[in-house]
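Here's the structure we're looking at; comments come further down.
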Amino acid sequence: MSLEKEMKAALATFVEEARELLQDMEDGLLGLEHEEDPLETVNAVFRAAHTIKGSSGLFGLEHIVRFTHVLESVLDRLRNEELQVTSELVGCLLPCADHLNALMSGVAHGQLEESPELAAQEAGLLAGLRGFLEGDGGRAGDGPDDRQADAPGSGPEAAAGRGGPADRRRRLHLSLRFGSNCLRNGMDPLAFIRYLNTLGEVVALSTLDDLLPPAEEFDPEASYLDFEITLLTDAPIETVTGVFDFVAEESQIRVLGPQDQPSQYADLVRAQGELAPRVREILVRTGAIDAAALAQALGEPVPATESGPATAAQPEAGRQPEACGEGPAERSGNGSLLERIPAQTRTPSPVPAQPGSGGDQGTGSGESAGGSGSAAGSGNRDARTIRIDATRLDRLIDAVGELVIAGASAGLRASLMRDESLVTSIGEVMRLVEEVRDSALQLRMVPIGTTFSRFQRVVRDVSADLGKDIALVISGGDTEVDKALVEQIGDPLMHLVRNSMDHGIESPGVRLERGKPARGTLRLNAFHDSGSIVIEVSDDGSGIDTQAVLTKAIERGLVEPGTVLSDQEICQLIFEPGFSTAEQVSNLSGRGVGMDVVKRNVTALRGTIDIENRPGRGSTMRIRLPLTLAIIDGFQVGVGGASFVVPLDQVIECVELPPSAHARDCMDLRGEVLPFIRLRSQFGIAGERPRRENVVVVEYAGMKIGLVVDALMGEFQTVIKPLSRVFEHVQGIGGSTILGNGDVALIIDVPMLVRHYGDRQGAAQFATAGSRE
């Protein structure tokens, strides 16, 4: 892979991980106001911002580093309890996360510099952030060059280094001996060094090349260079040490500071072997320790010339210490260091890292050094998760589907040949195919809670716009559903949530007048039921005014005057195109666009949407969707010369149709009235009915119904093939599949048949059928 391709791959991984971190940041910020002890969440949000800042620095994205630097400063004050969690602070931080998302989108499209539009937006956000820094002008900036002042190596730290206000930073000495396999494992030593500039200011750097082998023995993938670095920082030593967590196992990393004893510096020198003289010289010349103290710690006599004041070797305040060594990268000062180290000397390995592997296993906040996505290549971390392109996963599912069809065909031929050994062998193959199928489908199953959590922000923003106090309660977030469904259900859920907040939940004043709490409650719930996933959007508002809906429907000509409709039928009218009961058009509703789109999208997913209305107490929108859109277990039946497949998870049992029920539309099932539908009549299949018919008892949404068929053919692995638009009007068919003999079988849409039967018969006919039994 060329360097350019490696760079693009690494950058894509960085953007993907940054977006995940930003989502975590948003989730954390949304929960801050409701937590009694938010410190852990604050730390998590800070680490996310710090990781994004550090990774951006590795890729030379200075505009992101500048902005995140100020954001990080506010978060730092928050975690140090210099700021309190307030709605104003959260309201300031959330748009910052949005802005970072916009910047990441630009990077994803190859825009590595800030656009003028985003720069203008950033100026307003920075002004808001500065309000929480309480006059820390050096960090936040107060002039036309504010954004430059926020860059690493500038602000109060740099000012102190030039003899400005009292410098709270400490001088740390870093001795870095990277493992020989560092580069081979995807870790760039220079990336770690560049990252140190996000923690403070690198004022001296010495490159030790003493261990370089002869040219004929040189391994281009091995790491030979060692480094001695002086860092000015106010970060804890644990944070600086944590920067090197990714390489700690195979490397020798020592970080020493003013709090360390001379004996520890002596131990560092003794451990260097043939490099000891050079390291000793560097320690003294950079002011890490004076010569006399080091000699005494090493057990050597202190020369008279070295017995002067202990501060003789210390650099004066406001003067940069002289760089040590003679290597090409050995310069002093933050600026010259960055000039000497190319922006991308070696790009990080594009091997994807674990989601959220920002370095939480280490201490402090040095989670991203070494390059985005390089954690998976680290020798001291087991890659327990990998990223998979959704397109590749879809191709795998398609291939497994074709394998199921081919296996069914082979099984049928083996049965016709009556070769028992072949039948047994194919049966074992099909068992393994079924395991592969289940495993492949499981790869696409994701918790729906991730989708639910995104509505925390929606509820917060929309409730503020409406002047309402609304709390979002999420349950069933661990319910798993096909990723393809999750991606397509987001917009319908958005419409339902906004509709409940706008039309359903009353204003605080109205709620108090009605004896309700001022704060309204919106609930998102998900659970599995009879082979389907059920998603509920509930509110404790005023419910649906059925009389107002019916009146509006009559005005629109959707219902003839005098027509008697049940409450459920009236509620379904809100899904008609262009229907709205809003008196005024607002930013959220009033144009009659939205609810019809919801129903259309849900129907396209082979799902249904029902309404449970509680006048004065709220309403529940209930969406039922199939668990997967790809492969299901089916039960094959025959009617005349046609074959049908009923989803197996909706089948309760199969019974013989009693002779007494041949002229009826219901039967007695162990004392229970069971209405049924004759598939022969439903689909207009010609031919005489056989003397013996069977009933497949299915259940959907708590309602049982029977399907009368001619023959029961047993279980069948079904690969769902969608029907073309020509057949969209056909009721009761949810797709097709290919049988082992090459014939096409239609897949029964049980929810549609149940709903169709209910519309046709009505509740009164069910009662009449019960009396006849």
Taking the range 77-90 and keeping residues part of a helix (DSSP H, G or I) and either within 15 Å of GLY28 (Cβ to Cβ) or of a type in the set (S, T, N, Q) (or both) leaves LEU78, ARG79, SER87, LEU89, VAL90
Checked pairs for the range 512-537, first on the phi > 0 side of the Ramachandran plot, second acidic (Asp, Glu) and part of a strand (DSSP E or B), C-beta under 7 Å and 6 or more apart or across chains, list as SER530/GLU699
Anything in the range 456-501 that is open to solvent by 30 Å² or more (accessible area, probe 1.4 Å), of a type in the set (A, V, I, L, M) and either assigned to a loop (DSSP other than H, G, I, E, B) or touching a Leu at 6+ places or on another chain (Cβ under 9 Å) (or both)? List them, or say none. LEU466, VAL473, ILE474
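Condition check ((1) touching a strand residue (DSSP E or B) at 6+ places or on another chain (Cβ under 8 Å); (2) loosely packed, with under 11 Cβ neighbours inside 10 Å; (3) assigned to a strand (DSSP E or B)) across all residues:
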| position | (1), (2), (3) |
| --- | --- |
| GLY684 | no, yes, no |
| VAL695 | yes, no, yes |
| GLU699 | yes, no, yes |
| LYS704 | yes, no, yes |
| GLU715 | yes, no, yes |
| GLN731 | no, no, no |
| GLY742 | no, yes, no |
| ILE747 | yes, no, yes |
Limited to the range 195-218, what total is found for residues that are part of a loop (DSSP other than H, G, I, E, B) and either over 17 Å from GLY273 (Cα atoms) or of a type in the set (A, V, I, L, M, F, W, C) (or both)? 7
Does at least one position in the range 287-295 carry a residue that is assigned to a helix (DSSP H, G or I), open to solvent by 40 Å² or more (accessible area, probe 1.4 Å) and modelled with pLDDT of 85 or more? no
Residues PRO751, PRO675: which one is open to solvent by less than 40 Å² (accessible area, probe 1.4 Å), touching a residue at least 60 places away in the same chain (Cβ under 8 Å) and not in a strand (DSSP E or B)? PRO751
Might you check whether a residue that is under 31 Å from the mean Cα position of the chain (by Cα) and polar (S, T, N, Q) occurs anywhere in the range 552-572? no
Looking at the range 4-18, can you tell me whether even one residue there is of a type in the set (Asp, Glu), more than 19 Å from ALA102 (Cβ to Cβ) and in contact (Cβ under 8 Å) with a residue 40 or more places away in the chain? yes
Is there a residue in the range 610-626 that is open to solvent by 10 Å² or more (accessible area, probe 1.4 Å), modelled with pLDDT under 85 and either touching a strand residue (DSSP E or B) at 6+ places or on another chain (Cβ under 7 Å) or under 30 Å from ILE720 (Cα atoms) (or both)? yes
Selection count where residues are under 13 Å from SER56 (Cα atoms) and either in contact with a Leu (Cβ under 6 Å, 6 or more places away or on another chain) or free of Cβ contacts under 8 Å to residues at least 40 places away in the same chain (or both), scope the range 19-35: 0
Please determine, by comparing only the residues of the range 502-528 that are open to solvent by 40 Å² or more (accessible area, probe 1.4 Å) and assigned to a loop (DSSP other than H, G, I, E, B), which one is nearest to GLY477 (Cα to Cα). ARG519
Given the condition farther than 18 Å from ASN101 by Cα, open to solvent by 10 Å² or more (accessible area, probe 1.4 Å) and of a type in the set (Ser, Thr, Tyr), answer yes or no: does some residue in the range 38-46 qualify? yes
With the checklist (1) surrounded by fewer than 21 Cβ atoms within 10 Å (Cβ to Cβ); (2) within 19 Å of GLU228 (Cβ to Cβ); (3) modelled with pLDDT of 85 or more in hand, flag the one item LEU283 doesn't pass. (1)
With (1) free of Cβ contacts under 8 Å to residues at least 24 places away in the same chain; (2) in contact with a helix residue (DSSP H, G or I) (Cβ under 9 Å, 6 or more places away or on another chain); (3) open to solvent by 40 Å² or more (accessible area, probe 1.4 Å) as the list, and LEU118 as the residue in question, which single condition is left unmet? (3)
List, please: which pairs have Cβ atoms under 9 Å, are six or more places apart or on different chains, and start with a residue in the range 385-397 that is under 15 Å from ALA9 (Cβ atoms) and open to solvent by less than 90 Å² (accessible area, probe 1.4 Å) and end with one that is assigned to a helix (DSSP H, G or I) and of a type in the set (Val, Ile, Thr)? ARG387/THR13
Qualifying position, being over 22 Å from PHE452 (Cβ atoms), buried (at least 16 other Cβ atoms within 10 Å of the Cβ) and in contact with a Cys (Cβ under 6 Å, 6 or more places away or on another chain), among LEU58, LEU71, LEU103, LEU75: LEU71
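Before we move on, is GLU274 modelled with pLDDT under 70 and charged (D, E, K, R)?
no
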Just one of the numbered conditions (1) farther than 23 Å from VAL243 by Cβ; (2) in a helix (DSSP H, G or I); (3) touching a residue at least 40 places away in the same chain (Cβ under 8 Å) is not true of VAL74; which one? (1)
Considering only residues that are open to solvent by 10 Å² or more (accessible area, probe 1.4 Å), closer than 18 Å to GLU40 by Cβ and not β-branched (Val, Ile, Thr), which ones fall in the range 79-95? ARG79, ASN80, GLU81, GLU82, LEU83, GLN84
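Taking the range 531-559 as the search range and keeping residues that are in a loop (DSSP other than H, G, I, E, B) and of a type in the set (Asp, Glu), which one is most open to solvent (accessible area, probe 1.4 Å)?
Only one residue fits best here, namely ASP545.
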Identify, please: which residue in the range 627-645 is assigned to a strand (DSSP E or B), of a type in the set (A, V, I, L, M, F, W, C) and open to solvent by 20 Å² or more (accessible area, probe 1.4 Å) and is, among those, farthest from VAL400 (Cα to Cα)? ALA642
Among the acidic types (Asp, Glu), closer than 26 Å to PHE67 by Cα, within 39 Å of the chain's Cα centre (by Cα) and assigned to a helix (DSSP H, G or I): is that true of GLU238 in this structure? yes
Can you tell me which condition GLU217 does not meet? The list is (1) within 22 Å of GLY54 (Cβ to Cβ); (2) out of contact with any Asp or Glu (no Cβ under 6 Å at 6 or more places or on another chain), and all the others hold. (1)
Among the listed residues VAL255, VAL240, identify the single one that is of a type in the set (A, V, I, L, M, F, W, C), touching a Ser or Thr at 6+ places or on another chain (Cβ under 6 Å), under 26 Å from ARG184 (Cβ atoms) and at pLDDT 85 or above. VAL255
Among the residues of the range 57-109, count how many are touching a Lys or Arg at 6+ places or on another chain (Cβ under 8 Å) and of a type in the set (Val, Ile, Thr). 4
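Only one residue in ASN587, ASN601 is at pLDDT below 80 and open to solvent by 20 Å² or more (accessible area, probe 1.4 Å), so which one is that? Show your work before the answer.
Numbers: ASN601 fails: at pLDDT below 80.
The match here is ASN587.
The values are calculated or read from the model by the stated rules, or taken from the named source; none is laboratory data. Note that the coordinates shown come from a computational prediction; the quantities given were computed from them, not determined experimentally. Cβ sites come from the backbone with ideal geometry, for glycine too, and all protein chains shown count toward neighbours. For the accessible areas, the whole protein counts, side chains as well, though only heavy atoms, and no ligand, DNA or RNA atoms are used. Shrake-Rupley method; radii C 1.70, N 1.55, O 1.52, S 1.80 Å.
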